[in-house]
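The values are calculated or read from the model by the stated rules, or taken from the named source; none is laboratory data. Everything quoted here is computed from the prediction, not taken from an experiment. Here the Cβ positions follow ideal geometry from the backbone for every residue, glycine too, while neighbour counts run over all protein chains shown.
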Amino acid sequence: MIRAARLSEAEPIAALHRRARATYYPDGLPEDGTDWLAAWRTAIENPAGRVLCALDPADGERIVGIASFRPPGDVRSVVKLFQFHIDPEHWRTGLGTALHAACVSRWRADGRESAVLDVHVDNTRAQAFYARQGWAPDPENPPGEGDHHLYLRYAVLSASG
């Protein structure tokens, strides 16, 4: 089941975020001073955005996937996918595809024409997942020299699913 996240779930969401992100940092998740618990609380409470969570099919309660998105600034036809994580224990189970489909459904309902995201250059598994979902390099935002992110775009209204 996929549903909106609740503020009371910010702590397990932040923990899942840390577990998933740690997988593509060979030397461990860097400490950059970000208070991820506060960041997730802010995302959940933000009226302009949404946080969706995928629940463990085995128990229907434990959060095993998260997606956070909102419009980037004043551009109402575009949505930015800020965070998208599946618990590593649930990779390759179809939960990521289901969560992505729920995001696209919400974006269509909100009248979005396209979506954008950035993905860490070392996260090749996520890059392959996004490519399978129909994401492509964003021609309006090529990476700069030394940039550690790739910028992708998704055509919401022309995508099937």
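A single member of 152, 55 is in contact with a helix residue (DSSP H, G or I) (Cβ under 8 Å, 6 or more places away or on another chain), surrounded by 15 or more Cβ atoms within 10 Å (Cβ to Cβ) and at pLDDT 90 or above, and it is 152. Scanning the stretch 37-67 for residues that are among the aliphatic types (A, V, I, L, M) and in a helix (DSSP H, G or I) yields 37, 38, 39, 43, 44.
Can you confirm whether residue 107 is farther than 22 Å from residue 46 by Cβ, aromatic (Phe, Trp, Tyr) and either surrounded by 15 or more Cβ atoms within 10 Å (Cβ to Cβ) or touching a helix residue (DSSP H, G or I) at 6+ places or on another chain (Cβ under 7 Å) (or both)? No. Which members of the stretch 1-44 meet the condition of being more than 27 Å from residue 149 (Cα to Cα) and without any contact (Cβ under 8 Å) to a residue 40 or more places away in the chain? Matches in the stretch 1-44: 6, 7, 8. For residue 104, are the conditions met, namely being modelled with pLDDT under 95 and either under 20 Å from residue 152 (Cβ atoms) or within 9 Å of the chain's Cα centre (by Cα) (or both)? For residue 104, the condition - modelled with pLDDT under 95 and either under 20 Å from residue 152 (Cβ atoms) or within 9 Å of the chain's Cα centre (by Cα) (or both) - is not met.
Is it true that residue 123 is surrounded by fewer than 17 Cβ atoms within 10 Å (Cβ to Cβ), within 16 Å of residue 81 (Cβ to Cβ) and modelled with pLDDT under 90?
No, not satisfied.
Residue check: is residue 100 surrounded by 21 or more Cβ atoms within 10 Å (Cβ to Cβ) and free of Cβ contacts under 8 Å to residues at least 60 places away in the same chain? Considered against the rule, which asks whether it is surrounded by 21 or more Cβ atoms within 10 Å (Cβ to Cβ) and free of Cβ contacts under 8 Å to residues at least 60 places away in the same chain, residue 100 comes out as yes.
Within the stretch 126-149, restricting attention to residues that are of a type outside the set (Asp, Glu) and modelled with pLDDT under 90, the residue that is nearest to residue 68 (Cα to Cα) is 149. Taking every residue in the stretch 138-149 that is farther than 15 Å from residue 80 by Cα and pairing it with any residue that is loosely packed, with under 14 Cβ neighbours inside 10 Å, at least 6 positions away or on another chain, the pairs with Cβ-Cβ distances below 7 Å are 148/121. Taken over the stretch 58-71, the residue count meeting the criterion of being surrounded by fewer than 20 Cβ atoms within 10 Å (Cβ to Cβ) and not basic (Lys, Arg) is 6.
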